[in-house]
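Visitor: Could you have a look at this structure, given as structure tokens, before my questions?
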Amino acid sequence: MGDKIWIDGKRVEEDAARIEGAAAYLRQAPLNPQDMRTTIPANAGSKAAYVDSQERIYQLGILLDQEVKNIRGLGAAFIEFDEMLGRLMDKMH
């Protein structure tokens, strides 16, 4: 049975690297100092919404980083399980 499970470790790493690359783009971008000066009340609301959206983007980046760790860990766990199962099958034969 152990010889029927095949883990494509290279593919797992490629997928993790793709997600990691996407997460690198999800970083906060603060407003320029000139954008912080305004006398129009509506601009204050839009600035607050922008800051909130930037915080959510940042949090999404953190979550994606965690998913990368999970994918790599799961790939390693499957490989370990496959190896243990293969040893068990060898002992049974």
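The values are calculated or read from the model by the stated rules, or taken from the named source; none is laboratory data. All figures in this text were calculated on a predicted structure; none of them were measured in a lab. With ideal geometry, Cβ positions are generated from the backbone for all residues, glycine too; neighbour counts draw on all protein chains shown.
Visitor: Quick check on region 55-93: of everything there that is surrounded by 14 or more Cβ atoms within 10 Å (Cβ to Cβ), among the charged types (D, E, K, R) and farther than 21 Å from R27 by Cβ, which residue is modelled with the lowest pLDDT?
Guide: Restricting to residues being surrounded by 14 or more Cβ atoms within 10 Å (Cβ to Cβ), among the charged types (D, E, K, R) and farther than 21 Å from R27 by Cβ, the top hit is D82.
Visitor: Go through region 15-53 and report how many residues are closer than 27 Å to E67 by Cα, more than 21 Å from the chain's Cα centre (by Cα) and modelled with pLDDT under 80.
Guide: Number satisfying all stated conditions: 1.
Visitor: On to the next question. Taking into account only those residues within region 1-14 that are part of a helix (DSSP H, G or I) and more than 21 Å from Q66 (Cα to Cα), which is modelled with the lowest pLDDT?
Guide: Ranking the qualifying residues of region 1-14, first place goes to G2.
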